[in-house]
Amino acid sequence: MSRVAAIQMNSSSRVQSNLDSAARLIEQAAESGAGLIVLPENFALMPRRENDRRQVAERLGAGPIQEFLSGQAAASGVHLVGGTIPLVAGDGDRLNASCLVFGPDGRRLARYDKIHLFDVAVNESEAYKESDYFQPGEPGSENNVCIDVPAGTVGLTICYDVRFPELYRRLSSLGATVFTVPSAFTATTGQAHWEVLLRARAIENQAYEIAPGQCGIHDNGRETYGHSMLIDPWGRVLAGLNDEPEGVVIADIEQNMLDSVRRHFPSLKHRRL
């Protein structure tokens, strides 16, 4: 049995303030026994203007946000999934929304670049176009990232990815038993789709899911849904928050439970493509 945590935040346009909040919540999760802790998307910055991301964007391997993640993982002795941070991308004009994982010794163990970008008109007054400032990650094998930790084999995904079941099935075929879904779901789409999408991905792939979110109204006026939660392979919500601006969700991953579901209901073996 391994204890895991999802951290809910209301990140602002002030990086240091966000890092201070994240540090406090990571410490709380670690003190509760969590060995795998997942931060939400955009944990270090929810900018007032999208161009503000460029001011804090880092190159892989160097920068204060990466140093923060490395230091926090080492100080708490945990595996830390760093939500997303803006990294300089290959095309020079846009950034990658990158999820970095650091181990208990502070070393970076994995990088996943968000594949599916949120280019959506939610309604007549609310529209987003992430591709204006982010470059999508490539869907090839190098960016379908699984990593082995004591809690299981973790498949890395980000927010809007949850609407694309083929990505989760690909990660499942690579051995994933746990999915992480750091997110900043809008209040509108979150109320309609957040829980049902998460539970569907967990049920389809008979895997645990750790889904931390941003919550509340941010400096740019955007409102995010929160409701961070942990879900088991049967699709049950083990623990969750509502619309609290910040908090920690704790639950245990039980390998015996996962093995039992997959043994008695072997749908993954029944696939015919």
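The values are calculated or read from the model by the stated rules, or taken from the named source; none is laboratory data. Source: prediction; values computed, not measured. With ideal geometry, Cβ positions are generated from the backbone for all residues, glycine too; neighbour counts draw on all protein chains shown.
Here is a yes/no grid of residues against (1) assigned to a strand (DSSP E or B); (2) at pLDDT 95 or above; (3) within 17 Å of the chain's Cα centre (by Cα); (4) surrounded by 13 or more Cβ atoms within 10 Å (Cβ to Cβ):
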{"site": "His227", "(1), (2), (3), (4)": "no, yes, yes, yes"}
{"site": "Leu230", "(1), (2), (3), (4)": "yes, yes, yes, yes"}
{"site": "Pro233", "(1), (2), (3), (4)": "no, yes, no, yes"}
{"site": "Leu238", "(1), (2), (3), (4)": "yes, yes, no, yes"}
{"site": "Val249", "(1), (2), (3), (4)": "yes, yes, yes, yes"}
{"site": "Leu258", "(1), (2), (3), (4)": "no, yes, no, yes"}
{"site": "Arg263", "(1), (2), (3), (4)": "no, yes, no, no"}
{"site": "Lys269", "(1), (2), (3), (4)": "no, no, no, no"}
{"site": "Arg272", "(1), (2), (3), (4)": "no, no, no, no"}
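Checked against the criterion of being in contact with a His (Cβ under 6 Å, 6 or more places away or on another chain) and modelled with pLDDT of 95 or more, the candidates Val162, Val154, Val149 yield just one match: Val149.
Cβ-Cβ contacts under 7 Å between residues 6 or more apart (or on different chains), taken from a first residue in the stretch 247-273 that is of a type in the set (Gly, Ala, Ser) to a second residue that is part of a strand (DSSP E or B), are listed as Gly247/Gln8; Ala251/Val4; Ala251/Leu230; Ala251/Leu238; Ala251/Ala239. Scanning the stretch 70-90 for residues that are surrounded by 22 or more Cβ atoms within 10 Å (Cβ to Cβ), of a type in the set (A, V, I, L, M) and assigned to a helix (DSSP H, G or I) gives a single hit, Ala73. In the stretch 118-140, of all residues being of a type in the set (Phe, Trp, Tyr) and part of a loop (DSSP other than H, G, I, E, B), the one that is farthest from the chain's Cα centre (by Cα) corresponds to Tyr133.
Within the stretch 109-125, residues that are buried (at least 18 other Cβ atoms within 10 Å of the Cβ) reach partners that are of a type in the set (Phe, Trp, Tyr) and not in a strand (DSSP E or B) with beta carbons closer than 8 Å, at six or more positions or on different chains, in the pairs Lys114/Tyr160; Ile115/Phe164; His116/Tyr160; His116/Phe164; Leu117/Tyr160; Phe118/Tyr160.
Restricting the stretch 32-52 to residues that are surrounded by fewer than 19 Cβ atoms within 10 Å (Cβ to Cβ) and either within 22 Å of Ala127 (Cα to Cα) or hydrophobic (A, V, I, L, M, F, W, C) (or both), the residue that is modelled with the highest pLDDT is Arg48.
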